[in-house]
Amino acid sequence: MTDLRVRIGTLTLENPVMPASGTFAEGLAQVADLNRLGALVTKTITRELRDGNPLPRVAETQDGMLNAIGIPSKGVPYFLEHTLPEMARWTPPLVVSISAPTIEGFADLAAAMTVPGVAAIEANISCPNIEEDGRAFAMTAGSTAAAVRAIRGATRLPVWAKLTPNTGDIADVAQAAEAEGADALVVANTILGMAIDLATFRPKLGNVMGGLSGPAIKPIVLRQVYQCARRVRVPVIGCGGISTAEDAAEYMLAGAAAVQVGTATFLHPTAMLAIIDGLAAFCAARNMRGVAELTGAMLREEADEAEVEWLGQP
Amino acid sequence: MTLPDATAPAPHADDDASLPPAARHTGAAAEQTATVIANAAVNAEYRHLVLHAAPPATGAAPGQFFQLLCPAPPGAAPFLRRPMSVYAADPAAREVAFLYKVAGAGTLGLAGLRPGEALDILGPLGRGFALDPAWRSIVAVGRGAGLATLGPLAQAARARGIGVTAVLSARRPDLVVSDALFRACGADVLAITDAEGTSGPIHVERLLRRLIAERRCDAFFTCGSARLLAVQQRLAREFGLPGQVALEQQMACGLGMCFCCVREFNVGGAVVHKRVCWDGPVFDIAEAMA
């Protein structure tokens, strides 16, 4: 039997597979056993009451989808009275995803979520859909540092910073988050994109722009996980187009300690369970005792300079 | 054809009050590979897809829906599943059926399915119609694909001894679907069409007022037309009648997770967003906003 447990800072997860924020709610229990997941991650909540973006909120693309849901949120009291007790009925650790328009708002909400039943806070400093042109704290190392510092100071819970793939240098951002006390990094949120309906000349999303997810983005985010994991010591949680155990294994080889699965669940609601079983089989077939051995195990042969030196000779 | 149970409680609890202390996977819905038994045209626009399937799919209630992973037709690649309301569910025969019109890449892919081929279905999903055993007679008003959604309701009503008057609206008489199913259930069928000039709101209102006067309308059930919904909402308010409407919306997950299928509802004077896939697709007619 493969040991599927992984450590994310002080938390030990029964396996490395969890839902991506925004793609999971209690409705999944109609189809899948949530107690088999490594962790549960809530849809992002805000203190502000939010209706979300105008419709349409999703659009299909080649091997993926665009979404501009816009974080509908019923606020903190509703979350504490309804969502939290509902989620607390399941055994996996509960990770609460939070967002706020300001750094002070992030700190305030992190403090409000520091309650029994919450195992960690995922700071969604990267949603492309709530600020103009996809602006988010995680776009720059400076604003990431300021946000993570404030959240770190407001809670004793582990803080996971969810980064954006829409930045020029994600490794710099990752390093800034780690330096300010993030316990783990989630790499990454969706890639800002858009689509236009050629029959109507209208944008396919009510918000015009939205986040691209699904298999189409996997190579890009895999590269970003690799870049981040090389630069930081805290665990990196890979998230981007993972549909199969093979995708998850690839992310772990690139440096991820765990993975989040989102869009794949929309197509196959038991995708996460299949990925857990598939990872166990993947490791067993290679005589690996634990799935954690995969993390960062990509082999990269350094070119032997002595042997290739002659190529440069005239 | 076995009757779906329209009085069974919805597969998910309304709110948190009745939650058990420890949670379990409910199995109310499942993804499964069904096999195509038949997939033939019923008129110039609609096709009837019959699948061999297993529970829980075969226990689908009227008004519930499935998320179908449609095969890709040539030149297109539907990425997401397509929601489709159930037209028939038969646990004894292990069958589920759908009535659909080719409207895009997903349904075009469905149209190419041949008997013996496989289709990945997820369901049954959502909250279906609810029938009050105290009712003696109901009126079902539908148009287009909405007629398919209302079809199984007629069967469930008959099983409870509730009479049904079906007002079926279409562009032309040859495009009326579900009428045979309604008639087989003993329903009184009134077909109204654009071609005959009988489908306009004024005519429909006159017709519904007559049914109310004849005490044949203890409740309205409707699907497929915002215009017809508005007429029934007005009459329901005027005569204090209950009603239910099955609504459609673009969906991604079908399980209440992604919040892409929200619509606006008037709940006690306040406009609130509800998820069609999870809070519906059947809603109180008084709350729906056309």
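The values are calculated or read from the model by the stated rules, or taken from the named source; none is laboratory data. Bear in mind the structure is a predicted one, so any value in this text is a computation, not a measurement. Here Cβ is always computed from backbone atoms with ideal geometry, including for glycine, and neighbour counts include all displayed protein chains.
Which of the residues belonging to the range B:161-195 are buried (at least 24 other Cβ atoms within 10 Å of the Cβ), among the polar types (S, T, N, Q) and either without any contact (Cβ under 8 Å) to a residue 40 or more places away in the chain or assigned to a strand (DSSP E or B) (or both)?
Answer for the range B:161-195, where residues must be buried (at least 24 other Cβ atoms within 10 Å of the Cβ), among the polar types (S, T, N, Q) and either without any contact (Cβ under 8 Å) to a residue 40 or more places away in the chain or assigned to a strand (DSSP E or B) (or both): just B:SER169.
Every residue, every condition in (1) at pLDDT below 95; (2) surrounded by 18 or more Cβ atoms within 10 Å (Cβ to Cβ); (3) within 18 Å of the chain's Cα centre (by Cα), yes or no:
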residue	(1), (2), (3)
A:SER97	no, yes, yes
A:ALA123	no, yes, yes
A:ARG135	yes, no, yes
A:GLY153	no, no, no
A:LYS162	no, yes, yes
A:ILE191	no, yes, yes
A:MET194	no, no, no
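Restrict the check to the range B:46-67 and report whether at least one residue is of a type in the set (Ser, Thr, Tyr), more than 14 Å from chain A (Cβ to nearest Cβ), surrounded by fewer than 23 Cβ atoms within 10 Å (Cβ to Cβ) and in contact (Cβ under 8 Å) with a residue 40 or more places away in the chain.
yes
One line per residue, one yes/no per condition, for (1) more than 30 Å from A:GLU26 (Cβ to Cβ); (2) at pLDDT below 95; (3) not charged (D, E, K, R):
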| residue | (1), (2), (3) |
| --- | --- |
| A:ALA248 | no, no, yes |
| A:LEU253 | yes, no, yes |
| A:GLY262 | no, no, yes |
| A:PHE266 | no, no, yes |
| A:THR270 | no, no, yes |
| A:GLY290 | yes, no, yes |
| A:ALA297 | yes, no, yes |
| A:GLU307 | yes, yes, no |
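Name the strands (runs of 3 or more DSSP E) wholly inside the range A:1-92 in which the number of residues that are within 9 Å of another protein chain (Cβ to nearest Cβ), touching a strand residue (DSSP E or B) at 6+ places or on another chain (Cβ under 9 Å) and over 25 Å from A:GLY105 (Cβ atoms) is 2 or more.
Because the criterion is at least 2 residues that are within 9 Å of another protein chain (Cβ to nearest Cβ), touching a strand residue (DSSP E or B) at 6+ places or on another chain (Cβ under 9 Å) and over 25 Å from A:GLY105 (Cβ atoms), the strands (runs of 3 or more DSSP E) in the range A:1-92 that meet it are A:58-61, A:64-67.
Does A:GLY105 meet the test of being in contact (Cβ under 8 Å) with a residue 24 or more places away in the chain, away from chain B (no Cβ under 11 Å) and either crowded, with 17+ Cβ neighbours inside 10 Å or not acidic (Asp, Glu) (or both)?
Values: in contact (Cβ under 8 Å) with a residue 24 or more places away in the chain: yes; away from chain B (no Cβ under 11 Å): yes; either crowded, with 17+ Cβ neighbours inside 10 Å or not acidic (Asp, Glu) (or both): yes.
In short, yes.
Looking at B:CYS261, B:CYS253, can you tell me which residue is over 17 Å from the mean Cα position of the chain (by Cα), over 23 Å from B:GLY163 (Cβ atoms) and within 14 Å of another protein chain (Cβ to nearest Cβ)? Lay out the reasoning, then the answer.
Working: B:CYS261 fails: over 17 Å from the mean Cα position of the chain (by Cα).
Only one candidate passes the filter, namely B:CYS253.
How many of the residues making up the range B:24-81 are within 30 Å of A:PRO92 (Cβ to Cβ) and of a type in the set (Asp, Glu)?
Qualifying residue count for the region: 1.
Out of curiosity, is B:ASN39 more than 14 Å from every other protein chain (Cβ to nearest Cβ), in contact with a Leu (Cβ under 9 Å, 6 or more places away or on another chain) and either assigned to a strand (DSSP E or B) or acidic (Asp, Glu) (or both)? Spell out how you get there, then give the answer.
Details: more than 14 Å from every other protein chain (Cβ to nearest Cβ): yes; in contact with a Leu (Cβ under 9 Å, 6 or more places away or on another chain): yes; either assigned to a strand (DSSP E or B) or acidic (Asp, Glu) (or both): yes.
In short, yes.
Go over the candidates B:LEU110, B:LEU119, B:LEU80 one by one and state the one that is part of a loop (DSSP other than H, G, I, E, B), modelled with pLDDT of 95 or more and more than 18 Å from the chain's Cα centre (by Cα). Before the answer, list the steps.
Working: B:LEU110 fails: part of a loop (DSSP other than H, G, I, E, B); B:LEU119 fails: part of a loop (DSSP other than H, G, I, E, B).
Just one listed residue meets the conditions, B:LEU80.
Would you check if B:ARG158 is without any contact (Cβ under 8 Å) to a residue 12 or more places away in the chain and not in a loop (DSSP other than H, G, I, E, B)?
Values: without any contact (Cβ under 8 Å) to a residue 12 or more places away in the chain: no; not in a loop (DSSP other than H, G, I, E, B): yes.
Against the criterion (without any contact (Cβ under 8 Å) to a residue 12 or more places away in the chain and not in a loop (DSSP other than H, G, I, E, B)), B:ARG158 does not qualify.
Identify all residues within the range B:198-224 that are in contact with a Cys (Cβ under 8 Å, 6 or more places away or on another chain) and farther than 16 Å from B:VAL164 by Cβ; write none if there are none. It would help to see each step written out before you state the result.
Step one: list which residues in the range B:198-224 are in contact with a Cys (Cβ under 8 Å, 6 or more places away or on another chain), which gives B:208, B:211.
None; the set is empty.
Restricting to the range A:6-33, name every residue that is more than 17 Å from the chain's Cα centre (by Cα), closer than 25 Å to A:SER126 by Cβ and among the aliphatic types (A, V, I, L, M).
Within the range A:6-33, A:LEU28 is the sole residue that qualifies.
Kindly establish whether B:PRO62 is out of contact with any Phe, Trp or Tyr (no Cβ under 8 Å at 6 or more places or on another chain), part of a loop (DSSP other than H, G, I, E, B) and of a type outside the set (A, V, I, L, M).
Details: out of contact with any Phe, Trp or Tyr (no Cβ under 8 Å at 6 or more places or on another chain): no; part of a loop (DSSP other than H, G, I, E, B): yes; of a type outside the set (A, V, I, L, M): yes.
So B:PRO62 does not fit the description; no.
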